[in-house]
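Chemist: Questions regarding the structure given below will be posed in turn.
Since every read-out is calculated from the coordinates, none of them should be taken as a lab result. Fair warning: this is a prediction, and the values are worked out from it, not measured in the lab. Here the Cβ is made from the backbone with ideal geometry for all residues, glycine too, and neighbour counts use every protein chain on show.
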Amino acid sequence: MSLSHALLTSLLEKSSSGYDLARRFDKSIGFFWHATHQQIYRELARMEKAGWIASSAAPDGGKTRKRIYNVLGAGRQELERWAREAAPLADMRDELMVRLRADAVIGPLGLEDEIERRQALHADKLKAYRLIEARDFPAGAALSREAQIQHMILKTGIMLEESWVNWSAEALNVLKSPGPSAA
């Protein structure tokens with residue numbers, strides 16, 4: 001996936017200025033596809049040059065350079081093309097896993113503090129996701145198809161964070177126990 005497809009999706013949800021798009025991105029798509037505001041602005045310029053989006057001066061922009069971006073037909077077609085492609089399975093790339101392998105080979109490296117730190121970060125993100133779920137997807141509420149899909153995306157984040165919190169607890173138990181000696 002490229003940033004452009006994430007931005008096209010977000011702009012189809014709501015035409016926005018670059019600043020508003022970046023703020024919305026941080027609160028939604030940014031949970032699973034990170035991009036800096038600078039990357040977003042660069043990509044918007046590239047997408048406009050490609051004819052996927054168009055911008056116009058914002059009515060509330062005054063003398064600023066604030067622009068409102070809208071998706072054009074070519075942008076919608078590109079998003080549809082991309083969405084129909086088979087998505088590659090994301091490879092896990094986590095430095096901590098290599099550090100744990102090093103711990104297994106050369107002996108205790110004191111990774112408990114790092115795992116506890118990460119466990120707390122995952123627990124915080126899990127709490128934030130659950131608050132969003134309670135706010136936006138109340139139990140028993142009749143949800144539109146769009147809302148049901150958005151809820152499924154959020155549930156993926158919830159399950160991932162739950163998994164990391166549980167894994168961290170298990171890893172801490174292993175690291176803190178002496179275990180049987182290797183023969």
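Chemist: Residue by residue, what Karplus-based ³J(HN,Hα) values in Hz, rounded to whole numbers, does the range 151-160 have, using 6.51, -1.76 and 1.60 with θ = phi - 60° and x for Gly and Pro?
Modeler: Values per residue, Gly and Pro as x: 5, 4, 5, 4, 4, 4, x, 4, 5, 4 Hz.
Chemist: Going by amide H atoms built from the backbone, whose H comes under 5 Å of the H on Arg67, apart from near neighbours?
Modeler: Sorted by chain and number, the residues that satisfy this are Gly18, Ala58.
Chemist: Can you give the helix-only mean residue ellipticity at 222 nm for the chain, where every DSSP H stretch with n ≥ 4 adds -39500 (n - 2.57) and the sum goes over all residues, rounded to the nearest 500 deg cm²/dmol?
Modeler: The helix-only estimate for the chain comes to -21000 deg cm²/dmol at 222 nm.
Chemist: While we're on this one: Using mean Cβ contacts within 10 Å as the protection proxy, how do 121-131, 87-97 order, highest first?
Modeler: 121-131, 87-97
Chemist: Round to the nearest 0.05 the FRET efficiency obtained for Ala141 and Leu109 when R0 = 35 Å and r is the Cβ-Cβ distance.
Modeler: About 0.15, to the nearest 0.05.
Chemist: OK, next. With a 10 Å radius around each residue's Cβ, average the other Cβ atoms per peptide and rank 103-114, 69-80, 139-150, 8-19, highest first.
Modeler: 8-19, 69-80, 103-114, 139-150
Chemist: Can you list the lysines whose alpha carbon sits under 24 Å from that of Lys14, skipping same-chain ones fewer than 8 residues off?
Modeler: Within the straight-line cut-off, Lys14 pairs with Lys27, Lys49, Lys63, Lys66, Lys155.
Chemist: If you don't mind, there's one more thing I want to ask. Taking 0.36 nm per residue of sequence separation and subtracting the Cα-Cα distance, how much length would be gained by fully extending the chain between Leu72 and Gln148, in nm to one decimal?
Modeler: 24.7 nm
Chemist: Rg and Dmax of the chain, Cα atoms, in Å?
Modeler: 21.6, 76
Chemist: Taking the simple approach of a point 7 Å from Cα along Cα-to-Cβ for both Lys49 and Leu175, what is their distance in nm?
Modeler: Each label point lies 7 Å from its Cα, and together they span 4.5 nm.
Chemist: Would you mind listing how long the range 95-176 runs along its three principal axes, going by Cα atoms, in whole Å with the largest first?
Modeler: Result, largest extent first: 55, 17, 15 Å.
Chemist: Okay, next question. Mind pulling the angle between the C-alpha long axis of helix 18-27 and the longest principal axis of the chain? Nearest 10 degrees, somewhere in 0 to 90.
Modeler: Roughly 30 degrees, rounded to the nearest 10.
Chemist: Let me ask another. Evaluate the distance, in nm, between pseudo-label points positioned 7 Å from the Cα of Met97 and of Ser2 along their respective Cα→Cβ axes.
Modeler: Result: 2.8 nm between the two label points.
Chemist: Pairs of Cα atoms under 8 Å, at least six residues apart: use those to get the relative contact order of the chain, whole percent.
Modeler: Reported relative contact order: 18 percent.
Chemist: Can you work out the FRET efficiency for the pair Leu12 and Leu89, with r the C-beta to C-beta distance and R0 = 30 Å, to the nearest 0.05?
Modeler: Efficiency, from the Cβ-Cβ distance: 0.70.
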